[in-house]
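A quick write-up on the structure given underneath.
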Amino acid sequence: MQRAGKGKTPRRAKKPSNIEKDPVGVYCRIRPLGGEDEECCVEMISSSTIQLHAPDGLKANRNGEYKETQYSFKKVFGIKTTQIELFKDVAKPLMEDLIHGKNGLLFTYGVTGSGKTYTMTGSPGEGGLLPRSLDMLFNSIGPFQAKRFVFKPDDKNGIEIQSQVDALLERQKRDNQQSVPKTPSSRQRADPEFADMINPEEACKSETVDEDCCYSVLVSYIEIYNNYIYDLLEDAPFDLIRPKPPQSKILREDQNHNMYVAGCTEVEVKSTEEAFEVFWKGQKKRRIANTQLNRESSRSHSVFTVKLVQAPLDADGDYILQDKNQVNVSQLCLVDLAGSERTNRTRAEGSRLREAGNINQSLMTLRTCMEVLRENQMCGTNRMVPYRDSKVTHLFKNYFDGEGKVRMIVCVNPKADDYEETLLVMRFAEMTQEVEVARPVDRPICGLAAGRRQRNQAFKEELSRRLEERGGPSNGDPGLMNQLIESLPPLPSCELSDPSDDQTLPRLIEVLERRHRIRQMMTEQFNQTANTIKSKLQQFDSQLTAKETALYDQQSKLGEKDKVINNQRTELERLEKKSKTLEYKIDILQKTTEMYEQDKRSLQHELESREQRLQKELAEKRRLEQRMQGMVTDTRAKWEKECERRVNAKQLEMQNKLWVKDEKLKQLKAIVTESGGGLGSSPTEQPRKPERPSRERDRHNAQKRSASPPPPSDLGQTPLRQNRATVRAVQDPFPTSTPSSSFPSVASCISDWEHRFPTDSGSQSREPGTPQFGNRTLTPCHSASSVGRRRGQRWAPETEAPAAAFVSELDKEAGTRGNVFKTRGGGQAVQFTDIETLKQECPTAPSRKRRSGSGEGPTQTDNIENRAPVPNTSSSHGYQKRRRP
Ligand code: ADP
Ligand code: MG
């Protein structure tokens, strides 16, 4: 006898990191209204949503103010839903799981009368989920069931495997105990049979049963009433006269930390009928207890558990593998919960009130557990779930803590009376849907080759066929026996009528002797044949053994190959998964590449446009440069011309100075000659003398009105020469070389002008009209008009206009003749607003025209003025002014 140490009634989660979870599947079933005239407050608005309408009475109570609330479920089953439809959607997947070694929990929830029991158990012809589930189970595993008592529950929620002999002995023992044969006729006909419940056409079957396993089904049925657990399949005799309250059971935790009802009867059943019979036995007991103990059945929870034990066949496919680790136990609990309505609604009194309170308490605990679970799962909290507060939640703790599939059918009676209770049911359902339960994992594969059972069956059939062919049946054929007897010498008549007959007996003796001989011969022959056959059989036997060993070898090899294949399959799956991940990554990379390419394209586009712009700008720049160069060339040419002109003017001026000096020299010579020749000078010279004072006055006036620097000192002038020279040194930072000695070079003139130009204003400010100038002998003629005062002196009509630079100099003094502004090329330009022509007439050189250099403006003026005092040479001086607008 072996103990299955690995019974896994709801297996406790080992808390792996990547545990897969499914939410509790919550379905809604709406039952039809009791009467047609009843008010309906539930409406199915889609295959997964219902809407609750407050009944009219309630609306009136709340001043017409009411809400229409909608609730969603995994699926909603309307009033026309048949039991088979519901089964296929809700219970069939659970049954499939059970057959594949996974646990499930299915419960109905709702107020009393909402159709919970109808949904779970059903009625004759309308079998509920329970009989249908049993039917499907036996339809699927029927031919693969183990002999009774091979799997035997121990009292610690485990399963033991018994040897075939032990199981046989136990079967015989039980058969002997059941002296009264149990026939359908012996049962009360009031109990419905399974055949009454389900139409055979609606039979379901799982197509994916592992045929290389042996199965056994164990059922148990308990009732939880007033937070006590009662075993409904217990065989304790019920005393009708003095009924004893039934003994309640306690919950225990097994070595795998699964909860179980200690000492609960588990009945091994081999067919749907038998299982349903056991269920009905429990139902009956429940009903009797309720009646006898004055209990209300709607206040109790009933739990029908189907436990499926499966163990693989050995390599020959003949016997169950005697390996306790290979035994797998899965279970499906079908729970019909008590009515969820509140206590006051049932008008319960006395002990009933207490019961009702308790029942509600256990449903309250269920609700609290769901709430805490949901909170823990959603918020990551670790609050303790109060499973232990009620028996119902404690029993199913491992479905929520461990793994399994949990489904709930919320039953709704759409009548108006139930509206408020239905609202509470809906809220509970809504919350329960958010609770997640770990998905049960696939059980490990035993590692033996698949199809063992089929191969074994085929082998057995083939063996018997061959045996039949060779020796025929081993039992003696009566015909053959008769033939054999007939072939022996016939017995003579043995009748002795005459005492002296001495022939009959000897004849008989002779025949008998002959027969004896034949028989001995035949025996010898038979023995011979038997020996031959025996040896042949032995030979055949050894051959068979050899073949069997070979087969076994092959099978083990096949098993190994299978293992390899399985390994490769898992490897393949892994690789497929990996390739999928890689494909996904490639996808992402491709997308990224596309994005980058797009970026690249746009950047290139931008680059091109910028290059184009750059080109354009470059071209523009070149054009500008060319234009600037043109302008520079123009300006340079203009300035060169200008400089040339100024040089010419300077030359002229210098010539003039030379000439003046000559004149002075001549005068000096004349004076010297006069003084040397006696005082009687020529009387013709006299009248010119008086001009001096007037010129000097003019000169003084001019000095006063003009801000131009004072004239440079002259050679051979008045005693003030020394002072004037000093003044001039101050005035002119770049004094020209002595005018009498030589002409200045062109370059020096330009640089002189360039340096003087910006400092003129400063020199002007430094140049007040000094009293010394009043003593000068110059006598410039000037106009009394304001224009004349501002713009300079009036010279003799013949005197040519000074050069533009000189005019500009005058402009600077007056601030009106021209404008100096900065050019774009960085230089300066002068725009004339006025032109003034200076003319000087000299008696000795009447037609000579002079221009003054701009830098020498004031000096030039002085130089020109200086000519005035020359006696006998200048009769009148002035300047002409022409104005240009
Ligand atoms: P509960 O177990 O929730 O108290 P029951 O299953 O006993 O309610 O149902 C009460 C009554 O309603 C029963 O007579 C049952 O036959 C009937 N009933 C419930 N649901 C349906 C349904 N979907 N179709 C027809 N009759 C139903
Ligand atoms: Mg019920």
Check: Which one of the conditions (1) more than 25 Å from Gln70 (Cα to Cα); (2) away from ligand 2 (no atom under 16 Å from the Cβ); (3) modelled with pLDDT under 90 does Ser362 fail to meet, given that it meets all the rest?
Finding: (2)
Check: Looking only at residues in region 31-53 that are in a strand (DSSP E or B) and touching a Pro at 6+ places or on another chain (Cβ under 6 Å), which one is least open to solvent (accessible area, probe 1.4 Å)?
Finding: Val42
Notebook entry, point to check: Taking Tyr71, is it more than 16 Å from ligand 2 (Cβ to nearest atom), of a type outside the set (Gly, Ala, Ser) and surrounded by 22 or more Cβ atoms within 10 Å (Cβ to Cβ)?
Noted result: yes
Notebook entry, point to check: Does region 651-673 hold any residues that are charged (D, E, K, R) and in contact with a Gly (Cβ under 8 Å, 6 or more places away or on another chain), and which are they?
Noted result: Glu653, Lys664
Notebook entry, point to check: Does Glu421 fit the bill of being modelled with pLDDT of 85 or more, more than 30 Å from Val209 (Cβ to Cβ) and assigned to a helix (DSSP H, G or I)?
Noted result: yes
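Quick grid of which residues meet (1) open to solvent by less than 20 Å² (accessible area, probe 1.4 Å); (2) of a type in the set (A, V, I, L, M):
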site: Lys270; (1), (2): no, no
site: Asn294; (1), (2): no, no
site: Val306; (1), (2): yes, yes
site: Lys324; (1), (2): no, no
site: Ser330; (1), (2): yes, no
Checklist line | Matching option when the condition is away from ligand 1 (no atom under 16 Å from the Cβ) and either in contact with a Pro (Cβ under 8 Å, 6 or more places away or on another chain) or modelled with pLDDT under 80 (or both), among Gln310, Gln292 | finding: Gln292
Item checked: Which numbered condition Ser206 fails, given (1) open to solvent by 30 Å² or more (accessible area, probe 1.4 Å); (2) modelled with pLDDT of 90 or more; (3) over 25 Å from Leu395 (Cβ atoms) -> (1)
Next item on the list: Take region 92-109 and flag every residue that is more than 9 Å from ligand 2 (Cβ to nearest atom) and closer than 21 Å to Met426 by Cα.
Entry: Leu105, Leu106, Phe107, Tyr109
Note to self: Tell me the residue from Val111, Val76 that is more than 11 Å from ligand 1 (Cβ to nearest atom), among the aliphatic types (A, V, I, L, M) and either open to solvent by 10 Å² or more (accessible area, probe 1.4 Å) or not in a helix (DSSP H, G or I) (or both), please.
What the structure shows: Val76
Note to self: Quick check on Leu218: is it farther than 22 Å from Asp442 by Cβ, open to solvent by less than 30 Å² (accessible area, probe 1.4 Å) and assigned to a loop (DSSP other than H, G, I, E, B)?
What the structure shows: no
Note to self: Given the criterion more than 13 Å from Cys28 (Cα to Cα) and touching a Pro at 6+ places or on another chain (Cβ under 7 Å), identify the matching residue among Asp135, Asp56, Asp97.
What the structure shows: Asp97
Check: Which residues, counting only those in region 434-467, are open to solvent by 50 Å² or more (accessible area, probe 1.4 Å) and under 40 Å from the mean Cα position of the chain (by Cα)?
Finding: Glu434, Glu436, Arg439, Val441, Asp442, Arg443, Pro444, Ile445
Next item on the list: Can you confirm whether region 136-156 contains a residue that is more than 42 Å from the chain's Cα centre (by Cα), surrounded by 22 or more Cβ atoms within 10 Å (Cβ to Cβ), closer than 24 Å to Cys204 by Cβ and within 16 Å of ligand 1 (Cβ to nearest atom)?
Entry: no
Next item on the list: Kindly indicate whether any position in region 18-37 is free of Cβ contacts under 8 Å to residues at least 40 places away in the same chain and under 30 Å from Asn328 (Cβ atoms).
Entry: yes
Next item on the list: Could you list all residues from region 548-567 that are surrounded by 12 or more Cβ atoms within 10 Å (Cβ to Cβ) and more than 18 Å from Asp314 (Cα to Cα)?
Entry: Ile565, Asn566
Next item on the list: Among residues belonging to region 468-508 that are at pLDDT 75 or above, of a type outside the set (Asp, Glu) and assigned to a helix (DSSP H, G or I), point out the one that is nearest to the chain's Cα centre (by Cα).
Entry: Leu508
Notebook entry, point to check: Do the conditions hold for Arg374, that is, is it away from ligand 1 (no atom under 16 Å from the Cβ), within 34 Å of the chain's Cα centre (by Cα) and assigned to a loop (DSSP other than H, G, I, E, B)?
Noted result: no
Margin query: Pull out all pairs, ordered by first then second residue, where Cβ-Cβ is under 6 Å, the residues are six or more apart or on different chains, the first lies in region 322-342 and is in a strand (DSSP E or B) and within 16 Å of ligand 1 (Cβ to nearest atom), and the second is open to solvent by 20 Å² or more (accessible area, probe 1.4 Å) and of a type outside the set (Phe, Trp, Tyr).
Written below: Asp336/Thr117
Check: Taking the stated definitions as given, is Leu86 touching a strand residue (DSSP E or B) at 6+ places or on another chain (Cβ under 6 Å) and within 16 Å of ligand 1 (Cβ to nearest atom)?
Finding: yes
Item checked: Tally, over region 114-131, of residues that are open to solvent by 10 Å² or more (accessible area, probe 1.4 Å) and either within 6 Å of ligand 1 (Cβ to nearest atom) or part of a helix (DSSP H, G or I) (or both) -> 5
Next item on the list: From (1) within 16 Å of ligand 2 (Cβ to nearest atom); (2) under 44 Å from the mean Cα position of the chain (by Cα), pick out the condition that doesn't hold for Gly122.
Entry: (2)
Next item on the list: Could you please tell me which pairs satisfy a Cβ distance under 6 Å, a separation of 6+ or placement on different chains, a first residue in region 91-115 that is at positive phi, and a second residue that is at pLDDT below 95 and more than 15 Å from ligand 2 (Cβ to nearest atom)?
Entry: Gly101/Asn328; Gly101/Ser330; Gly101/Arg443
Notebook entry, point to check: Within the bounds of region 223-236, is there any residue that is loosely packed, with under 15 Cβ neighbours inside 10 Å and either part of a loop (DSSP other than H, G, I, E, B) or of a type outside the set (D, E, K, R) (or both)?
Noted result: yes
Check: Across region 295-307, what is the number of residues that are within 16 Å of ligand 1 (Cβ to nearest atom) and either modelled with pLDDT under 90 or among the hydroxyl-bearing types (Ser, Thr, Tyr) (or both)?
Finding: 7
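The values are calculated or read from the model by the stated rules, or taken from the named source; none is laboratory data. Worth saying up front: this structure is predicted, and the values here are computed from it rather than measured. So basically every Cβ, Gly included, is an ideal-geometry build from the backbone, and we count neighbours across all protein chains shown. Accessible surface areas use protein heavy atoms only, side chains included; no ligands, DNA or RNA. Shrake-Rupley method; radii C 1.70, N 1.55, O 1.52, S 1.80 Å.
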